[in-house]
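Everything below concerns the one structure shown next.
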Amino acid sequence: MPATTHVTFERLQLQLIQHLRDRVQSGELTERSLARITGISQPHLHNVLKGKRLLSFPKLDRILSHLELDIKDLIEELDDRKE
């Protein structure tokens with residue numbers, strides 16, 4: 001049985017950012033399409049993906065909602081990265 005990951009808002013936020021980077025790099029999403037579906041400006045998303053800015057609670061929640069992700073998905077990804 002895998003050890004449970006200690007989860008903080010910061011770790012979830014960083015995991016979501018990595019998840020978004022992975023999807024952009026794979027071509028599944030673009031910064032522009034993500035901005036359009038979430039209503040978050042493309043420059044802000046660009047700075048988030050480059051590690052220059054962070055997401056507020058409402059913006060993080062908006063991204064999760066529009067991408068049909070759940071916090072549990074991010075926690076599972078954190079656990080998978082540990083293995």
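With respect to ASP79, determine if the residue is part of a helix (DSSP H, G or I), out of contact with any Asp or Glu (no Cβ under 8 Å at 6 or more places or on another chain), modelled with pLDDT of 90 or more and acidic (Asp, Glu).
no
Name the helices (runs of 4 or more DSSP H) wholly within the stretch 26-74 that hold at least 1 residues that are at pLDDT below 95 and within 15 Å of LEU14 (Cα to Cα)?
In the stretch 26-74, the matching helices (runs of 4 or more DSSP H) lie at 57-66.
Conditions tested, residue by residue: (1) over 19 Å from HIS6 (Cβ atoms); (2) surrounded by 13 or more Cβ atoms within 10 Å (Cβ to Cβ).
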{"site": "GLN18", "(1), (2)": "no, yes"}
{"site": "ARG21", "(1), (2)": "yes, yes"}
{"site": "VAL24", "(1), (2)": "yes, yes"}
{"site": "PRO58", "(1), (2)": "yes, no"}
{"site": "ARG62", "(1), (2)": "yes, yes"}
{"site": "GLU77", "(1), (2)": "no, yes"}
{"site": "ARG81", "(1), (2)": "no, no"}
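The values are calculated or read from the model by the stated rules, or taken from the named source; none is laboratory data. Not measured: the values here are computed from a predicted model. For neighbour counting, all protein chains shown are included, and Cβ atoms are generated from backbone atoms with ideal geometry for every residue, glycine included.
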